[in-house]
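**Student:** Just dropping this structure here.
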């Protein structure tokens, strides 16, 4: 088992209704999630590399913060040093940040990421999309892929649990909707 925090970041490019990308990051220690985040990016990006690079800068900030936390707790050896990314364009840009018109708008993130890579505090590693664990938080997945990523995250799918039946709540009317309650992540009708 790896004794360092494993870091993963991924983006669902232009997935939201307003075409903003959804960023996801996950940090795991000994196969257990310790920090994660999913959020819409604040701006619409014009390429997957742009979107992934913005998410990479945020993941790098979280990795640095976790490093400070582990150092304060007396475990500096746990500090994440590698971020797994499935976008080879973003990895190439981070490792060889050439300045030209296509990357001019990434200037601040470019220097932040570039500095940490050049200083050796952080490296990037390619992770195939099928193994990219944050996809479970950013994309709609098939049941099999969802179960596989849950297992990679250290979670198990309880096969004995049956999902609640999906009902069209628009046909229930206002009284029926008022009788619905959220329990265990599924919507069920309550008997009064």
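Every number here is computed from the coordinates shown, using simple stated rules; none is lab data. In this text the structure is predicted, and so the values were computed from the model without any measurement. Positions of Cβ are backbone-derived with ideal geometry, glycine not excepted, and every protein chain shown enters the neighbour counts.
**Student:** Across every pair of different alpha-carbon atoms, what Kirkwood hydrodynamic radius in Å does region 6-152 reach? Each step should come with its number before you reach the end.
**Tutor:** Working: mean 1/r = 0.0639 Å⁻¹.
Here the Kirkwood hydrodynamic radius works out to 15.6 Å.
**Student:** Can you sort 47, 23 by how many other beta carbons sit within 10 Å, fewest first?
**Tutor:** Numbers: 47 14, 23 25.
By the 10 Å Cβ count, ascending, the order reads 47, 23.
**Student:** Please arrange 83, 91 by counting, for each residue, the other beta carbons lying within 10 Å of its beta carbon, fewest first.
**Tutor:** Numbers: 83 26, 91 22.
Placing the least packed residue first, the sequence is 91, 83.
**Student:** Treat the count of other C-beta atoms within 10 Å as a stand-in for reagent exposure and order 68, 53 from fewest to most.
**Tutor:** Working: 68 11, 53 25.
Lowest to highest Cβ neighbour count: 68, 53.
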